Structure formats: structure tokens, C-alpha cells
Amino acid sequence: HIMNTLARKPAKTVMVIHEESLFGTGTANLLASQLPGMGYQVLEVVKHANPTRDFSNIVLRMKALNPDIVIPANYYNEYVLLVRTMKQQNVRPMAIYSVLGGAASSFKFVKELPDVANGVIDCNHWYDPKDKRAIALRRKVEKINQFFTYEVYLNYQSVYLLADAIERAGSAKREAIIDALASSSWNKHFMPYGPTRFVNGQNQGAQPLVLQVLKGDIRVVLPNSYAESEPVFPWKA
């Protein structure tokens, strides 16, 4: 929405493609309820099975509706196949914009299918590209020919958080550690998070970033305090 506003609001219509589980359905329902209030017409919400091996009919429907923005909410394999089919059928929306996208924030996708991935936007949990610790960890992972996936930095941060809780609890007992986690204000992240604060098990300090595949890499484009590149929107496919 920020990118659309900065570009003087060229995008007005949206199509949501989602997988059938709680993740995809919940995301799609939330988007369908919230987007109209932000000035977007949701043309259609389409559900698909897991797995799905052919998106031809869905993309033909997409071509007929001609949405300004396509929002996929699915897992890696289906995400890749959907975007590949869109490219093959010459469907060119202003943006492919996902929320916690199954492939959009994947270096594997970017490396294996750079032409298909180029320009895709995602809002996802990510590392702070301006933190030297995060950069060093990415280089370490890539040095052994592995992809720097979100599991890596999220797990690193989780272990640091747990270690801090154990130290403050002064005990290895489960109840003491849970209490220490519940009162945690740990803030030594190399992700763009504020101080940890759990409410009903959810970390209120968590913050996703807006990412875009540009020139063979995944770049942070928003918010400006973490951005590495300017967002390219509308995308000129």
C-alpha cells in the first residue's frame, strides 16, 4: 500500500491465489476483509489444493480478470509453478506481492529461476541487512554452499533468546525458563526486531520487512530505515 501510494496509486484491483490449509486460507480471508478498506477491489479469491501441479486454468482466469496486483499465499512448489505459469502465459500484473511468500524470499528460487523471480515482492521476516553480524552469518552459510534461509537466522535468534532466559532463570527447570521467557525484553537481535515482549505467546517486538527480487538478489526495499534498494513499482515486466 505504501509503494502504491508513493507511485500515486496506479493499482486498484487485486486477485488472491491461496492454498487450502490454515495458512493460505487465513491469509486470504484477512486480505479479502482488509483490502477494500484500503481502496482496493478484490476481483477474486481462488483456492487451490496441496499439491497442485497445473495452474493453467487459474492463470487463464487471471488473464481474463487482469488484476493490477496478484497476491499468492502458498508454499514453495506451488508458488514457483504459479509464477512460472504466469510468465509462460504472458500475464504481467503491476506486482506479484506476497505475504510470507513460499518462494518469494527464497534464494533457491532466485538462483534457479532468476528470470521468473525477478521483481517479485514479499513481506516477510528477514535479517537486518545493515547489521554486521547478519552479513557475517550469511557469508558463512553461503561459503558452505547453503542457502541463507529464514530458518537459519530465526533459529540463531531463538537460541540466543533461550540462552538469555536460562541465564535469567538461574535454572534448567521448565517452569522457571517459561517464566523468564514470558518476562523477556531481550533486544540483541540482528533481525529488525524491537525488544522482545510476549503477549499470549506472540512477540510484539517482531517486525517483517518488504523485500523485492532485484538483479539476482533479494533486497530490502521498505521501511526506509532498513532499505538497500528503492522498490520498483509498478513492475515493468
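Values in this text are rule-based calculations from the coordinates and carry no lab data. Just so we're clear, the structure is a prediction, and the values are computed from it rather than from any experiment.
Rounded to the nearest whole Hz, the Karplus-based 3J(HN,Hα) values (6.51 cos²θ - 1.76 cosθ + 1.60, θ = phi - 60°) of segment 172-183 follow the sequence 9, 6, 4, 4, 5, 5, 4, 4, 5, 5, 4, 9, with x at glycine and proline.
Listed values for segment 127-135 are Karplus-derived 3J(HN,Hα) couplings in whole Hz (6.51 cos²θ - 1.76 cosθ + 1.60, θ = phi - 60°), namely 7, 7, x, 9, 9, 4, 5, 5, 5, and x replaces Gly and Pro. The slack between ARG92 and ALA172, meaning 0.36 nm per residue of separation minus the straight C-alpha distance, is 23.3 nm. Straight-distance candidates among the aspartates and glutamates for linking to LYS215, with alpha-carbon spacing under 13 Å and chain neighbours fewer than 8 residues away dropped: ASP115, GLU228, GLU230.
The translational diffusion coefficient of the chain, from Stokes-Einstein at 37 °C and 0.692 mPa s with a Kirkwood hydrodynamic radius over alpha carbon pairs, comes to 171 µm²/s. Each residue of segment 37-46 is assigned a 3J(HN,Hα), and the resulting list reads x, 9, x, 10, 8, 8, 5, 6, 10, 10 Hz, derived from the Karplus form 6.51 cos²θ - 1.76 cosθ + 1.60 (θ = phi - 60°), x at Gly and Pro.
Based on C-alpha pairs under 8 angstrom that are at least 6 apart in sequence, segment 132-203 has a relative contact order of 23 percent.
Convex hull volume per residue, computed on the Cα atoms of segment 132-203, equals 101 Å³.
Straight-line cross-link partners of LYS132 among the lysines, defined as a Cα under 21 Å from its Cα and at least 8 positions apart when in the same chain: LYS140, LYS143, LYS188.
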